[in-house]
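See structure below.
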Amino acid sequence: MKSDGQTNLSGGLLRGIELHGQDVQASRPQQLQRVRFGNTWKRIEAAEESESCPGRKNENEWTLELRFEHSEDAALVQKVEYHLHQTFQKPVEEVHEAPFQITRQGWGMFKVKALAHLKDGRVLELEHDLVFGKSESFQTLLLPLRAAPLPGPV
């Protein structure tokens, strides 16, 4: 969770009170798995000029990665599809096995979109603001990697 400007704490509290009054046993909650999504970074001292943006040097090397708290959770993912900035020669990259990571060089930061295709057919959307200047920038997420259990007798 990250606050940014006008965080609505009262709205969250009121929703929590509302949910507390409902029959929690009847709605079996979906189990969530902890993952980390983000990038590592290092500066390239002898950077070459960018082919797509003349006058800019590809002085940053970064790796995007989806990390799993439990290694067996990676087996639930069929592939991760990374959507990079449109100036990249290949702006969409697919990784079909763990570790689900790609390494690139560039000069500017942008918002990365990723689609985690699960083996059960579901697709989870992820976003990360690429960060330079720190060796690692990851956010912890709780994702429903396992399908929700079927309703049964309570």
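The values are calculated or read from the model by the stated rules, or taken from the named source; none is laboratory data. Everything quoted here is computed from the prediction, not taken from an experiment. Cβ sites come from the backbone with ideal geometry, for glycine too, and all protein chains shown count toward neighbours. Side chains included, ligands, DNA and RNA excluded: accessible areas come from the protein's heavy atoms. Shrake-Rupley method; radii C 1.70, N 1.55, O 1.52, S 1.80 Å.
A compact table of results
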read-out	value
Exclusive hit being in a strand (DSSP E or B) and modelled with pLDDT of 60 or more, set Gly16, Gly12, Gly38	Gly38
Residue that is modelled with the lowest pLDDT [pool: residues in segment 136-154 that are surrounded by 12 or more Cβ atoms within 10 Å (Cβ to Cβ) and of a type in the set (Gly, Ala, Ser)]	Ala147
Spans of strands (runs of 3 or more DSSP E) in segment 57-154 with at least 3 residues without any contact (Cβ under 8 Å) to a residue 60 or more places away in the chain	60-68, 77-83, 92-95, 100-106, 111-118, 123-129
Breaking point among (1) at pLDDT below 95; (2) small (Gly, Ala, Ser); (3) open to solvent by less than 40 Å² (accessible area, probe 1.4 Å), for Gly55	(3)
Hits in segment 58-75 (condition: charged (D, E, K, R), within 22 Å of Gln33 (Cα to Cα) and either modelled with pLDDT under 95 or surrounded by 15 or more Cβ atoms within 10 Å (Cβ to Cβ) (or both))	Glu65, Arg67, Asp73
Selection count, segment 39-64, where residues are under 18 Å from Lys90 (Cα atoms) and among the aliphatic types (A, V, I, L, M)	1
Qualifying residue in segment 79-87 (condition: touching a His at 6+ places or on another chain (Cβ under 7 Å), open to solvent by 40 Å² or more (accessible area, probe 1.4 Å) and among the basic types (Lys, Arg))	no
